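Single-structure report; data block below.
The values are calculated or read from the model by the stated rules, or taken from the named source; none is laboratory data. Bear in mind the structure is a predicted one, so any value in this text is a computation, not a measurement. Using ideal geometry, Cβ is built from the backbone for each residue, glycine included, and neighbour counts are taken over all protein chains shown. The protein model used for the area step is the full one, side chains on, heavy atoms only, and it has no ligands, DNA or RNA in it. Shrake-Rupley method; radii C 1.70, N 1.55, O 1.52, S 1.80 Å.
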There are 4 protein chains.
Amino acid sequence: MSINSFGHLYRVTTWGESHGPALGATIDGCPPGVPIDEGMIQQWLDKRKPGQNKYTTQRREADEVRILSGTFEGVTTGTPIQLMIENTDQRSKDYGDIKDKFRPGHADITYFQKYGIRDYRGGGRSSARETAARVAAGGLAREAIKALAPNLKITGYMVQMGPHKIDRDAFDWDQIEQNPFWVPDAKAAGDWAAYLDGLRKSGSSVGAIIEVTARGVPAGIGAPVYGKLDTDLAAAMMSINAVKGVEIGEGMSAAMLTGELNADEITMGPEGPEYSSNHAGGILGGISTGQDVVVRFAVKPTSSILTTRRTITKQGEETEIITKGRHDPCVGIRAVPVGEAMMACVLLDHLLLHRGQIGTNRGRIGPEA
Amino acid sequence: MSINSFGHLYRVTTWGESHGPALGATIDGCPPGVPIDEGMIQQWLDKRKPGQNKYTTQRREADEVRILSGTFEGVTTGTPIQLMIENTDQRSKDYGDIKDKFRPGHADITYFQKYGIRDYRGGGRSSARETAARVAAGGLAREAIKALAPNLKITGYMVQMGPHKIDRDAFDWDQIEQNPFWVPDAKAAGDWAAYLDGLRKSGSSVGAIIEVTARGVPAGIGAPVYGKLDTDLAAAMMSINAVKGVEIGEGMSAAMLTGELNADEITMGPEGPEYSSNHAGGILGGISTGQDVVVRFAVKPTSSILTTRRTITKQGEETEIITKGRHDPCVGIRAVPVGEAMMACVLLDHLLLHRGQIGTNRGRIGPEA
Amino acid sequence: MSINSFGHLYRVTTWGESHGPALGATIDGCPPGVPIDEGMIQQWLDKRKPGQNKYTTQRREADEVRILSGTFEGVTTGTPIQLMIENTDQRSKDYGDIKDKFRPGHADITYFQKYGIRDYRGGGRSSARETAARVAAGGLAREAIKALAPNLKITGYMVQMGPHKIDRDAFDWDQIEQNPFWVPDAKAAGDWAAYLDGLRKSGSSVGAIIEVTARGVPAGIGAPVYGKLDTDLAAAMMSINAVKGVEIGEGMSAAMLTGELNADEITMGPEGPEYSSNHAGGILGGISTGQDVVVRFAVKPTSSILTTRRTITKQGEETEIITKGRHDPCVGIRAVPVGEAMMACVLLDHLLLHRGQIGTNRGRIGPEA
Amino acid sequence: MSINSFGHLYRVTTWGESHGPALGATIDGCPPGVPIDEGMIQQWLDKRKPGQNKYTTQRREADEVRILSGTFEGVTTGTPIQLMIENTDQRSKDYGDIKDKFRPGHADITYFQKYGIRDYRGGGRSSARETAARVAAGGLAREAIKALAPNLKITGYMVQMGPHKIDRDAFDWDQIEQNPFWVPDAKAAGDWAAYLDGLRKSGSSVGAIIEVTARGVPAGIGAPVYGKLDTDLAAAMMSINAVKGVEIGEGMSAAMLTGELNADEITMGPEGPEYSSNHAGGILGGISTGQDVVVRFAVKPTSSILTTRRTITKQGEETEIITKGRHDPCVGIRAVPVGEAMMACVLLDHLLLHRGQIGTNRGRIGPEA
């Protein structure tokens, strides 16, 4: 069944393995007439690309995207768009060590238990390399969004690395692109660099929390009750490799609030409803309020570390394993553009759904209502 | 589009409003040959039913389920099963106050903005009353699971109410059914009763965290990469009214761990792989490991409180509102059986998918592999 | 899986058996703001209702539809609409004869082989009684279409009964509602009455061909390449009980034409493109041209006849069977409103899809293009 | 929405245009463990490939398929399989003539009306070149079927070309691969060669009827009521370019039969039920009976002919057009392997569905029932 696909109307199917000849995204449902070229997509892939600084894996991939279908004379035609990325750094190394051993914390054992066969080269399909296809699909989604919601702006950033959180009072949008961690807090950027350098040298790894904010989302998108905007965002983020938790607005902390503190009061502004606060994260009843849509997700530390760990073999024998070679001390860093891409895909999808289902019926608040 | 449906093979479509004549679940894909009668489903509805103690809303609904199709001589036939619950307590009260005003924290405003029309009686489709249909579908799913995974056992319970958390060291499965909060900690049950009584009397409300554990889940279920078991569980839980966050295993705290602490080591037990810990929450790469599947979700406090709040009218005028009448001081309590139901539906769905996609290919770990 | 559903955006799930307590249609995706009441749907059910004249089965069903959800103050709200029809004539007859015997030409044997259990009362789920739910869904679709394509008009009629075809030169739209066969040819109506009376008295049955024409369909709807308008119409018609063939426009006869005869030439009319002929049946490349959309389907004769037939029992013993009681000498008659309903559902679905996917990009032919 | 996809569990998404860099099929849901290599798929593409004899278009395409993902060490892994075919013969010709003119009988005008933009090079997405991707997907399906239904054999052949029908009494399976028309009648093969040669020389074209028979289909597959085996086959065949009608078993002629003639009587054979005839085409109530599954479809004559035809331009001006260059006098010939491929995909899909939904519940007819 179409389990490697997501989205209702903007439907993305990703394909490909870490060490196969190529990977990509087959996109069905992109509206016609969207100006697009490879460069517009490439910029987002470059943001995610490994090997750009000492804090991410040293695998070197060109990650060059090719558009194989669905465009004509520089615009989309409404037919399926194939975005392909060839794998260039398929290092011909010896996989003997993991061929029969299952790496703890990785999907090696479960893929084998499910399918009875696994492509063990670099994790095969379970590799985070699959997220390159998501980023490509997200890049296209961003362009398509422009025609439907011109003011919509999606930004991802890190808010926590290991025990270190950002200082919300020092939050600065302009800092995000100024440091390798996409962190909106200049002081944190400096502190984290030293912390992560220590982890990298010791061959350890650490988790992180990424927040993605979408500003300028029109009110009214989201499809109750099983395609709610928050439902689809939760699924989108949880489907990213290594993610263990997803929060909307107040998130898990909503448990600690009373009703008086949690519900955002409504006032009338010059252009429509305004809110006294945004505990809701921009979503009520699964539908956008017009406030910022705010999602957070936690990424676990990579399990590829330089410490010896106990495990078993395919044959059921107990043994030990140590993961040598390239690794990311904090995979959360590279998850930032992936989270942005998922947000873009989900929002485009719901913008399209809203057009299709509602048309002229949409409620406007005001004297004429 | 089929936005009021969830599931891949066990496909549930819920329908109905808070104050319409009836609500229910249309279930397509239940395997044939499952023994079922209304009593088997009713027991779960009774667990969720309002008005059972002073901590939940005093709305009185019989919540009697009727099976209208899909069974013959006491077993399912493989055709669609219609589970209908008639609304009996459609109190003919005056809705004048909320007809034109939007209640803060509720979906009143977004439904109006999306659809241009809303059934304001009791929240209409956005009411938590919709979850009765989920519980019915979950009751059927539990029976169907018995044939596929006889040892599978699903249990939900509260682990936090407002600032009060359970003591994990005092965790006692047997306590869960002994108190009105489904809390696995006898001392907490007593403390919470006093706390909630205070909230109830003051007309306030508070959030909660519910945990649902599934024991006896076979290894190998879950469908990478967009129908991962954790992805589908995140969507299922986030789709429940008032939920703002979902965690699998270590959840958001995974951000704080290092790779050494997070990855569960593997050993070989008499019946298959065993793990030193369960930070993963029973899922690796989206596929079950055979360990307990552990999901948590946070429920925000209900926004129906006795404090006056600022809001606007449909016509855009600023005003105030206060929600009188029946309310739940902690809606999280009644979310426990709903979370269990969603877990049951998702697990049945993936058990069916696993059968369909894999058959005899499933990997067994052992000398012959 | 959602196999009892059809449609992309206007999604209809039918449920119920011939002799269960009720049957119905759960409809997800109907746009909000459509004025609807039970009477608007009932008129189409009355057209299909059995027992109206001596040419159809004498089963007496009130076939009264109830709307259980999805409307408020007389209009749709955008939430799921439940249309329920209770079975009233569940004649408590002796089913001993067919309980263990498989009726030739019926689905008795295949349902048993598939599911291992079957509701043998009146054919259970495989009964044509299921089509009542389709007609209800089609009635709602007709109302929703009005807002999107006000000039769209759907008409079904018989063009062949057994060996007797209508005279195309005598085609008269006004005749269709003047005779019990929905035949657009006054002379044929008379001839067929005599022919069918003979069949009825002898306990035999005969097949038929129904044609459904949709006039006023806007150009540009249909979703290449696997949701083509003709693809979806073919599936919709073939899914009706007893249908064995579906044709669009020229249909099977297209095989006999040369390219010169088949391709409809294009000219420019005052309101847009016009065509010299309509061999295409209003569809090119799966997309509507703006001409009449013309579909035909063949209905086999009912296999419930008064002649003894050879068959086997569940236990594999050879035996004979004769179907006593109520039967339709030409089930094709009652298939006319069913075909219309399927056309309405498919067209609404594609009108909605076209809105959602394309918006303002649609091509207009003219000087400015 | 996923409109370029078909199938429930074996889900095929095709992509690509006639004159883009490549086209292909993204396949999700192929079971793991299926031995596959490019040669196994290439044999079917070679059967469809143009330019093999004087009766088909002289476009020269290598049509070489590459497997880009989803296999490891020669077997499928259960992950998505990308089958890519690069376009090599993108003749750099002058498209000036059709850039602004709509070819009658082609989808030029409707694609423009739907999308507001069209890739006019060779028909773009509406070109029959898309069927190469179907044939590739069908080739893989054939290999996957082997594990599930080892005796299943799919064969397509022509039964009518223009006015010329085969002699059913002379039907000879062994003739099918002996002539360029895949016709099971040696005499017809000779007659048709002369007939088609005349058409080719005069620049005309003609339609055809193709029949596809599947032998060895297990009883019990097909998913009532909207995923019936015949419903899915009708959709699959109608979705092929130029198809205007689809028949199952007796097809449109069922209209002319009486109930006595149409219903196939059942007897008990050594291995299960047997039937006196096969008017049903192997399907009752949407579920396979175990008899041959027989589907026919009519292909219209290509509209690319050497006769001048009236048409209009994008700007709405009346003009004339004549299609020069390569063309197929009878596109039905190359539709034979396409019809086989669609049959293979649909049958695999339903074999997988049957496994997933039913398991051990399947009914066996015999003394123990």
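Couple of notes before you dig in:
- Mean ellipticity per residue at 222 nm, deg cm²/dmol - from DSSP H runs of n ≥ 4 across the protein assembly as shown, formula -39500 (n - 2.57): -8500 deg cm²/dmol
- Annotation for A:Lys99 and B:Asp37: the two label points, set 7 Å from Cα along the Cα-Cβ direction, are 5.9 nm apart.
- Exam field: B:Glu260 pseudo-label spacings to other copies (7 Å along Cα-Cβ), nanometres: 4.8, 8.7, 9.0
- Computed on protein heavy atoms with a 1.4 Å probe, the accessible areas place D:Asp328, C:Asp174 in the order C:Asp174, D:Asp328, largest first.
- Sorted from greatest to least, the principal axis extents spanned by the alpha carbons of the protein assembly as shown come out as 85, 70, 69 Å.
- For the range C:251-369, the Rg and Dmax computed from alpha carbons only, in angstrom: 23.1, 74
- Euclidean distance of C-alpha centroids, the range A:143-213 and the range A:230-259, integer Å: 18
- Difference of contour (0.36 nm per residue) and Cα-Cα distance, B:Ser202 to B:Glu317: 38.5 nm
- Quotient of C-alpha Rg and 2.2 N^0.38 Å, computed over the range A:241-289: 1.35
- Selection of GluC sites (Glu not before Pro), the range C:70-174, meeting DSSP coil and at most 13 other Cβ within 10 Å: C:Glu73
- Short to long, the 5 Å bins of the Cα pair-distance histogram for the range D:172-299 hold 2, 9, 15, 17, 18, 16, 10, 6, 4, 2, 0, 0 percent of all pairs.
- Three semi-axes of the equivalent ellipsoid, chain C, Cα gyration tensor, whole Å, largest first: 36, 26, 19
- Average Cα contact separation per residue, the range B:124-250, under 8 Å, 6 or more apart, as relative contact order %: 27
- Of the DSSP H helices in chain D, those whose Cα atoms cover at least 24 Å axially and whose Kyte score averages -1.0 or more: D:131-148, D:186-202, D:332-358
- Which of D:Lys201, B:Lys146 is most accessible, then next, and so on - probe 1.4 Å: D:Lys201, B:Lys146
- The relative contact order of the range D:226-363, computed from alpha carbon pairs under 8 Å that lie at least 6 residues apart in sequence, is 24 percent.
- Ranking D:Ala236, D:Ala186, D:Ile221 by Cα position along the charge dipole of the range D:186-250, where only Lys, Arg, Asp and Glu carry charges on their C-beta atoms, puts D:Ala186 farthest toward the positive end.
- Given charges at beta-carbon only (K, R positive; D, E negative), |dipole| of chain B in Debye: 1300
- Proximal lysines to B:Lys99, defined as alpha-carbon separation beneath 17 angstrom and excluding residues fewer than eight positions away on the same chain: B:Lys114, B:Lys314, B:Lys324
- Peptide B:262-272 has a mean shielding of 6, counted as Cβ atoms of other protein chains within 10 Å of each residue's Cβ.
- Base-10 log of normalised Debye intensity for the range C:73-216 (one unit scatterer per alpha-carbon) at q = 0.09, 0.10, 0.14, 0.17 Å⁻¹: -0.47, -0.58, -1.02, -1.16
- Modelled label reach - A:Glu64, point 7 Å along Cα→Cβ, the range A:133-150 residues with backbone N closer than 17 Å: none
- Distances between copies at D:Gly272, taken between label points 7 Å from Cα along the C-beta direction, are 3.1, 5.0, 5.8 nm in increasing order.
- Other protein chain Cβ atoms within 10 Å, averaged over every residue that makes up C:282-295: 4
- Accessible area that becomes buried as D packs against C, both chains, 1.4 Å probe, Å², nearest 100: 9400
- For D:Thr155, the solvent-accessible surface computed with a 1.4 Å probe is close to 20 Å², ligands and nucleic acids excluded.
- Convex hull per residue volume in Å³, alpha carbons only, for the range A:29-158: 156
- Contact order for chain C, expressed relative to its length and based on alpha carbon pairs under 8 Å spaced 6+ residues apart, stands at 21 percent.
- Inter-copy separations for A:Met40, label at 7 Å along Cα-Cβ, nm, ascending: 4.0, 4.0, 5.4
- For the range B:271-276, putting each phi into the Karplus relation 6.51 cos²θ - 1.76 cosθ + 1.60 with θ = phi - 60° gives couplings of 10, x, x, 10, 10, 6 Hz, in residue order, rounded to whole numbers and with x for Gly and Pro.
- For the range A:211-266, the Kirkwood estimate of hydrodynamic radius, built from reciprocal distances between every pair of different alpha carbons, is 13.3 Å.
- Under 5 Å, built H, 5+ apart or other chain: amide partners of C:Thr76: C:Gly33, C:Val34, C:Ile36
- With N the number of residues in the range D:113-190, Rg(Cα) / (2.2 N^0.38 Å) evaluates to 1.56.
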